[in-house]
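Undergrad: For reference, the structure I am asking about is given below.
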Amino acid sequence: GENVEQHPSTLSVQEGDSAVIKCTYSDSASNYFPWYKQELGKRPQLIIDIRSNVGEKKDQRIAVTLNKTAKHFSLHITETQPEDSAVYFCAASGGNTPLVFGKGTRLSVIA
Amino acid sequence: KAGVTQTPRYLIKTRGQQVTLSCSPISGHRSVSWYQQTPGQGLQFLFEYFSETQRNKGNFPGRFSGRQFSNSRSEMNVSTLELGDSALYLCASSLGGPGGAGELFFGEGSRLTVL
């Protein structure tokens, strides 16, 4: 089955700096790669996703890149703000296979 | 539109007991997935139901089971509870149609403590 590795497990950045979180996946059949944000005590929520026919996708300060050949994808957050502090999860799935999550990255934005 | 509702939100059990958790998906969503969340292990997939059928199953022992009803509501059951079963159990619903995964909408979870 699919296996998703996520790095780093914790990340601290100064407010205004950029943050990058990287994930690798094992199943070459995976074609859907979402990112979820979970604030303290709250439910995970989708922030951005990308499908295998696209190499990059942006939404304001957030962008995701996908390299299918290398089987890795990354989340980029620019101009970080304190409200970006949360745990971020990457995930992967293909067709009707379940969404498999990485172990998460705890991002702290220091004001 | 109401979100995903999970009950109970908190519960405490002792080793050897069994527990049933309930999940009501967003109206119109036919897929319900269950995940176990523990510190450092992220979200581990338990199982997914679609139209009352288990479509996928994760690597959990047979003590973990689930079902889905005709109204798409789902329950999961854990029998013979162990200390290691203490976790936040998250339910997520999606449209779940054929052709690929889509956004999961999570409930707030049921936090289980096993003493």
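The values are calculated or read from the model by the stated rules, or taken from the named source; none is laboratory data. No experiment lies behind these values; they were computed from the predicted model shown. Cβ: placed from backbone, ideal geometry, glycine included. Neighbour counts: every protein chain shown.
Undergrad: Within 21 Å of residue A:37 (Cβ to Cβ), touching an Asp or Glu at 6+ places or on another chain (Cβ under 6 Å) and not aromatic (Phe, Trp, Tyr): is that true of residue B:33 in this structure?
TA: Yes: the conditions hold for residue B:33.
Undergrad: Counting only residues that are at the interface with chain B (Cβ under 7 Å from one of its Cβ atoms) and either in contact with a His (Cβ under 9 Å, 6 or more places away or on another chain) or closer than 21 Å to residue A:42 by Cα (or both), how many does region A:70-101 have?
TA: Final tally of qualifying residues: 4.
Undergrad: Can I ask one more? Can you tell me which residues in region A:44-58 are touching a residue at least 12 places away in the same chain (Cβ under 8 Å) and either at the interface with another protein chain (Cβ under 9 Å from one of its Cβ atoms) or not polar (S, T, N, Q) (or both)?
TA: Result: A:44, A:46, A:47, A:48, A:49, A:50, A:51, A:54, A:55.
Undergrad: Would you please name the residue that is surrounded by the fewest Cβ atoms within 10 Å (Cβ to Cβ), looking only at residues in region B:89-115 that are farther than 27 Å from residue A:50 by Cα and within 13 Å of the chain's Cα centre (by Cα)?
TA: B:111
Undergrad: If only one of A:56, A:39 is among the charged types (D, E, K, R) and either at pLDDT 95 or above or touching a Pro at 6+ places or on another chain (Cβ under 9 Å) (or both), which one is it?
TA: Result of the check over A:56, A:39: A:39.
Undergrad: Could you list, in sequence order, all residues of region A:5-38 that are farther than 15 Å from residue A:87 by Cα, at the interface with another protein chain (Cβ under 9 Å from one of its Cβ atoms) and not in a loop (DSSP other than H, G, I, E, B)?
TA: Selection gives A:32 alone.
Undergrad: Only one residue in A:104, A:41 is on the phi > 0 side of the Ramachandran plot, at the interface with another protein chain (Cβ under 10 Å from one of its Cβ atoms) and loosely packed, with under 15 Cβ neighbours inside 10 Å. Which one?
TA: A:41
Undergrad: Okay, moving on. In this structure, is residue B:45 in contact with a Cys (Cβ under 8 Å, 6 or more places away or on another chain) and either of a type in the set (Phe, Trp, Tyr) or surrounded by fewer than 17 Cβ atoms within 10 Å (Cβ to Cβ) (or both)?
TA: Criteria not met by residue B:45.
Undergrad: To continue, here is another question. Please give the strands (runs of 3 or more DSSP E) falling wholly within region B:12-115 in which 2 or more residues are touching a helix residue (DSSP H, G or I) at 6+ places or on another chain (Cβ under 8 Å) and either facing another protein chain (nearest Cβ under 9 Å) or within 30 Å of residue A:10 (Cα to Cα) (or both).
TA: By residue number, B:110-114.
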